[in-house]
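The values are calculated or read from the model by the stated rules, or taken from the named source; none is laboratory data. Predicted, not measured: the structure shown is a model, and the values here were computed from it. Cβ coordinates were reconstructed from backbone atoms using ideal geometry, including for glycine residues, and neighbour counts include every protein chain displayed.
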Amino acid sequence: MLKKLLRYLLFIALAFLSALSYQLFIFPNSFAPAGFNGIATMVQHIFGLNVGYLSLIINVPLIIAVFIFVNRDFAVNTLVYILTFSLALIFLSKVDLSAIMYQTDTGTSTIIGPLVAGILGGAILGVAFSMNCCSGGTELVAALIHKFKPSYDFVWVTFVLNSVVAVLSFFVYGFNFEPVILCVLYCYSMSVVSDKMLKGAKEALRFEIITDYPEEIAKEVIDKLGHSATLINAEGCYTHNKKNMLICVVNKHQLVLLKQILAKYPDTFANVSNVSYTIGQFRYPRETHSTIE
């Protein structure tokens, strides 16, 4: 129970930070962010209807649908986030934040507004996703589409929606190209940061090592890197000589150390590939050494 409460408190903090980012960096610099919130921001700019109310109107029906058809925990977590985000936007709109808003009189540094907002938004989204939550809008639609059409590529839907927001912002904000550029910058910085938040700590390198010294190399990998290896019997296609192949996955910062280990053994070579995601406690070296798997 306590763990769930702390998780909800984290969602509340993330949502409030997101709302504050909108008030400090997005609204004062006259551009629309990504997705449905971008559309809501333009509606607010034209008609004065607070994004907080629009967020509730857009997201609550989607959350109900996700609760019924997809995942209840995901829906409840997102509901906590959306309620906090919307109420915080409504509350902050009544607070004078002009002293800390980022806004330039000349407009020469407006690029910093969407850049900071995108970085914050990406970090918030990354943390939320990692805890089975989202910021609503397109993520909820993606969850519903994936439920009924798992093979459907939602990336193109997101791309089209963000493109529409960027194009419409040209007309909404006084037939000016700057809001379009700011929207693109926001989308890019948010996607890069959220992707790194989700995958950065789980990225690794996969080594496939052909060697005549599998036991020696495996021992050094276990002792010095804290990871194990898998030994596979192999055969050279040209000479048909029997070979040994070690497969091991190590952290990216251990690349140089593993190269130093391999350099000590003659007639040893390896190919290296990126591993975009690892599952389990891979990040932390093993406390106890194990034999070759």
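Inside the stretch 242-265, residues that are surrounded by fewer than 10 Cβ atoms within 10 Å (Cβ to Cβ) and at pLDDT below 90 make up a count of 2.
Scanning the stretch 57-84 for residues that are more than 21 Å from the chain's Cα centre (by Cα), surrounded by fewer than 16 Cβ atoms within 10 Å (Cβ to Cβ) and either under 18 Å from residue 8 (Cβ atoms) or among the polar types (S, T, N, Q) (or both) gives 60, 72. Would you say residue 217 is assigned to a helix (DSSP H, G or I) and touching a residue at least 60 places away in the same chain (Cβ under 8 Å)? Criteria not met by residue 217. Answer yes or no as to whether residue 173 is at pLDDT 90 or above, surrounded by 17 or more Cβ atoms within 10 Å (Cβ to Cβ) and among the aromatic types (Phe, Trp, Tyr). Yes: the conditions hold for residue 173.
When the test is whether a residue is surrounded by fewer than 22 Cβ atoms within 10 Å (Cβ to Cβ), over 29 Å from residue 147 (Cβ atoms) and at pLDDT below 95, residue 97 passes it. Given the criteria free of Cβ contacts under 8 Å to residues at least 24 places away in the same chain and either under 30 Å from residue 130 (Cβ atoms) or among the hydroxyl-bearing types (Ser, Thr, Tyr) (or both), does residue 160 qualify? Judged against the criteria, residue 160 is a match. Residues that are basic (Lys, Arg) and in a strand (DSSP E or B) were ranked within the stretch 220-249; the one that is farthest from residue 270 (Cα to Cα) is 242.
Of the residues in the stretch 187-200, not one is farther than 30 Å from residue 258 by Cα, in contact with a Pro (Cβ under 6 Å, 6 or more places away or on another chain) and of a type in the set (A, V, I, L, M, F, W, C).
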